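Heads up: the structure comes next, in C-alpha cells.
The values are calculated or read from the model by the stated rules, or taken from the named source; none is laboratory data. The structure displayed is predicted, hence computed values, not measured ones. Positions of Cβ are backbone-derived with ideal geometry, glycine not excepted, and every protein chain shown enters the neighbour counts. For accessibility, only protein heavy atoms count, side chains too; no ligands or nucleic acids. Shrake-Rupley method; radii C 1.70, N 1.55, O 1.52, S 1.80 Å.
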Amino acid sequence: MATHVITGAGSGIGEAVARRLHARGDELVLLARNAGRAKELAARFPGARTLVGDLADPDKLSWAFSHQTLPDRIDSLMHIAGVIELGPVGELTPKAWRHHLNVNLVAPAELTRHFLPQLRVTSGQVIFVNSGSGLRARADWSAYAASKHGLRALADALREEEQQHGVRVTSVYPGRTASAMQAKVQQQEGKDYDAARWMSPDTVATTVLTALDLPRDAEINDLSVRPTPH
C-alpha cells in the first residue's frame with residue numbers, strides 16, 4: 001500500500017487526485033494550512049492523516065513539522081496546491097509577487113527538502129502539478145507564470161540530482177481546468193465562468209495517476225494536457 005503526501009487536496013485537481021487514491025486504498029497524508037482545514041480533510045477522507053503547515057509562510061514549515069509526526073514512509077509527494085492573482089506588471093505589488101512565489105515555488109521546494117529522505121528510501125516519486133503558464137507567459141499573468149516557470153526549473157534540477165537515488169520527478173502542465181481557481185480567473189478576466197468549456201479535475205487526475213503508476217522501467221518527465229477545442 002503506497003503512501004502519498006498531497007498538497008491542495010481540498011479542491012480541484014488535488015481533491016480529485018486524493019479521492020482517486022483514497023478509493024483504491026492508498027494511504028494519504030494531506031497538508032492543510034490550519035487545524036480547521038485539517039479537520040475538514042480528515043472528515044472528507046476517512047483514515048487519511050493530516051499535517052498542518054501554511055504554504056504562504058514557507059519559513060515556518062520546518063517549525064510546524066517539528067511539532068508533528070511526519071510519516072516514516074512516503075512513496076510520492078504531490079505538489080498540487082497553488083494561488084493566482086492576475087494583474088499587469090505595472091500594478092502588481094511586491095506582496096503579490098511574494099505570495100505567488102511563496103506558495104507556488106518556495107513552499108514546494110521546502111516540502112521536498114523535508115520529505116526527500118523518505119522518498120530516497122522508497123525510490124519514490126515527486127509530481128509537480130504545474131500549469132500551461134509554466135511553459136509560456138501572457139499579459140497579466142506575469143507573477144503566476146514566473147512562479148510556475150520557477151517550479152519547472154525546480155523539477156528539472158531535482159530530477160537530475162535525485163536520479164542516483166531512483167527518485168522519479170514529473171511535471172504535469174494542465175491547461176484550463178474547471179475548478180474554483182478557474183472561476184476566480186474568469187472573474188478577474190471579466191468573463192462568465194462556464195465549467196463545460198474546460199477539462200474536469202478528474203481528467204487531469206487521470207493524467208497525474210498515469211505518471212504515478214507508470215512501470216518503474218520508465219519515467220514521464222513532462223506531460224501537457226489541454227482542453228479539447230470547442
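General remarks:
- Candidates 169, 121 - the one that is in contact with a Lys or Arg (Cβ under 9 Å, 6 or more places away or on another chain), open to solvent by 10 Å² or more (accessible area, probe 1.4 Å), modelled with pLDDT of 95 or more and of a type in the set (Val, Ile, Thr): 121
- Single residue of the range 134-178 satisfying the filter (among the aliphatic types (A, V, I, L, M) and assigned to a loop (DSSP other than H, G, I, E, B)) that is nearest to residue 80 (Cα to Cα): 178
- Filtered by the rule that a residue be aromatic (Phe, Trp, Tyr) and either within 15 Å of residue 13 (Cα to Cα) or modelled with pLDDT of 70 or more (or both), the range 173-225 gives 173, 198.
- Yes/no for residue 177 being crowded, with 20+ Cβ neighbours inside 10 Å and closer than 29 Å to residue 217 by Cβ: no
- One residue stands out in the range 78-92 among those that are closer than 10 Å to residue 140 by Cα and within 24 Å of the chain's Cα centre (by Cα): the one that is most open to solvent (accessible area, probe 1.4 Å), namely 85.
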